[in-house]
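One structure below.
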Amino acid sequence: MQSSVKQNRQNYLGGSDLVALLGISPYKTRFELLQEKANLKPVEEVENEYTTYGNTLEPLIRDYVNENFGKNYREDKLEIENDVLPIRCHFDGIYKQSILEIKTTGTLKKTIEEYKNYLVQLLFYMINAKKDKGMLCVYKRD
């Protein structure tokens with residue numbers, strides 16, 4: 001499903017876009033996001049060893065969570081049309097009333113505040129999918 005996440009990205013508001021819009025993205029500014037959404041700048045397709053690692057590990061981490069927590073999370077997406085900018089949520093996992101958001105990172109944080117960009121994304125997905133539980137699963141790359 002990873003290729004569909006990138007498809008027509010400039011036409012939707014997604015979780016990472018919301019993080020940029022709120023000014024808490026370490027990867028993109030509000031102005032860069034505006035340029036992309038207005039088609040003044042192409043959406044930067046980042047494909048590197050870290051994104052490849054994350055894309056490879058996400059299904060394995062989801063399987064681990066399913067096995068060890070007795071869940072049946074599955075990857076999915078949701079598109080919501082509206083008059084301004086449609087919303088697209090790509091779920092690393094969705095199961096009953098819960099959303100799973102998986103992140104791979106080079107450094108584990110020490111406080112919950114340092115995870116706010118990930119938590120905003122998770123909450124965005126929970127709200128749009130009308131789910132009342134969420135699990136943030138952060139895996140440190142070695």
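Taken over the stretch 125-142, the criterion of being more than 20 Å from residue 61 (Cα to Cα) and in a loop (DSSP other than H, G, I, E, B) is satisfied by 130, 131, 132.
Residue 140 passes every criterion in (1) open to solvent by less than 30 Å² (accessible area, probe 1.4 Å); (2) within 19 Å of residue 27 (Cβ to Cβ) apart from (1).
Can you confirm whether residue 118 is among the hydroxyl-bearing types (Ser, Thr, Tyr), over 12 Å from the mean Cα position of the chain (by Cα) and open to solvent by less than 40 Å² (accessible area, probe 1.4 Å)? So residue 118 does not fit the description; no.
Restricting attention to the stretch 69-106 and to residues that are in a loop (DSSP other than H, G, I, E, B) and within 18 Å of the chain's Cα centre (by Cα), the residue that is surrounded by the most Cβ atoms within 10 Å (Cβ to Cβ) turns out to be 73. On the stretch given as the stretch 32-68, residues that are part of a helix (DSSP H, G or I), farther than 15 Å from residue 139 by Cα and basic (Lys, Arg) total 1.
Within the stretch 95-124, the set of residues being in contact with a Phe, Trp or Tyr (Cβ under 7 Å, 6 or more places away or on another chain) and over 17 Å from residue 58 (Cα atoms) comprises just one member, 109. Scanning the stretch 101-126 for residues that are among the β-branched types (Val, Ile, Thr), modelled with pLDDT under 95 and out of contact with any strand residue (DSSP E or B) (no Cβ under 8 Å at 6 or more places or on another chain) returns 111, 112.
For the stretch 15-31, filtered to residues that are open to solvent by 60 Å² or more (accessible area, probe 1.4 Å) and either of a type outside the set (Val, Ile, Thr) or in a helix (DSSP H, G or I) (or both), the residue that is nearest to residue 51 (Cα to Cα) is 27. For the stretch 123-133, the candidate set comprises residues that are within 16 Å of residue 21 (Cβ to Cβ) and in contact with a helix residue (DSSP H, G or I) (Cβ under 8 Å, 6 or more places away or on another chain); within that set, the residue that is surrounded by the fewest Cβ atoms within 10 Å (Cβ to Cβ) is 124.
The values are calculated or read from the model by the stated rules, or taken from the named source; none is laboratory data. Computed from a prediction, not measured in an experiment: that's the story for all the values here. Counting neighbours? That spans all protein chains shown, and the Cβs are built from the backbone with ideal geometry, glycine included. Calculation scope for accessible area: heavy atoms of the full protein, side chains included, ligands and nucleic acids excluded. Shrake-Rupley method; radii C 1.70, N 1.55, O 1.52, S 1.80 Å.
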